[in-house]
1. Search the structure for amide H atoms under 5 Å from the amide H of F107, placed 1.01 Å from N in the peptide plane, and list their residues when 5 or more places away or on another chain.
2. Stretch R20-Y150 to full length: gain in nm at 0.36 nm per residue minus the Cα-Cα span?
3. Once phi is turned into ³J(HN,Hα) by the Karplus curve 6.51 cos²θ - 1.76 cosθ + 1.60 with θ = phi - 60°, what whole-Hz value does each residue of region 109-117 show in order, with x for glycine and proline?
4. Would you mind calculating the gained length between S69 and I29 on full extension (0.36 nm times residue separation, minus the Cα-Cα distance), in nm to one decimal?
5. Report the dimensions of region 50-124 along its three principal axes from the alpha-carbon atoms, largest first, rounded to Å.
6. Which FRET efficiency, nearest 0.05, do E85 and T158 yield, Cβ-Cβ r, R0 45 Å?
7. Using a 1.4 angstrom probe, figure out how much accessible area region 57-117 has per residue, in square angstrom, rounded to the nearest whole.
8. When ranked by the protection proxy of mean other Cβ atoms within 10 Å per residue, highest first, what sequence do the peptides 24-30, 106-112 form?
Amino acid sequence: IIGGRVGNGNIHGPAGLGVRIVGNDNIVITGGHIQGNHPRPFAGWHVQQSNAIEVWGNGNILELRNGYSFGSNTNYYALVRSGTENTLSLGGRENAIFDQTTLNKYFGFDYAKTGSSSWDLHNTGTVTWNVFEGELNVSAGAKIGGANVYEGVLEFETDGVPQKFGNVEVFGAG
């Protein structure tokens, strides 16, 4: 999905988003590529792509699956413009990797692991992950801000070195 482009030779304006979520309790699932598009700039302007995804509402879920990607020349891959309790979820049935150095590209979300897949977290992040299903693996050398495990498995890969982590609470069998 690539957002629309605005402007012709004499009209300039913001570019189109890849996806806009408006309302409450919506679910967007992606295992493909999403990006905003570039506006048509005035001569000499440096321009940035629009955000790939924007959320306006409460209780929405953006679920990433193996194979997802976002346009790179943007401030945010996914941005909550207004609303609460919106979740970025690592889901699906296929195993995948999430690089926590990109967490600053997702703004205004809670973070969750859902689906039967196993996701490996690489690098250091400061967010709290909520594990509802499947397996969330904190790779060797990676760190997280905390975790709440409701179901599923939270695993720390140590390679002989203990991992430091924040608050971990277990809420169910898993």
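The values are calculated or read from the model by the stated rules, or taken from the named source; none is laboratory data. Keep in mind that this is a model prediction, so the values were computed, not measured. Positions of Cβ are backbone-derived with ideal geometry, glycine not excepted, and every protein chain shown enters the neighbour counts. Just so you know, the surface numbers come from the protein's heavy atoms only, side chains and all, with ligands and any DNA or RNA stripped out. Shrake-Rupley method; radii C 1.70, N 1.55, O 1.52, S 1.80 Å.
1. Amide H neighbours of F107: A78, L79, V80.
2. Fully extending the segment from R20 to Y150 adds 43.8 nm.
3. 9, 8, 10, 9, 10, 10, x, 7, 5
4. 13.2 nm
5. 31, 27, 21
6. E between E85 and T158, to the nearest 0.05, is 0.85.
7. For region 57-117, the per-residue accessible area is 44 Å².
8. 106-112, 24-30
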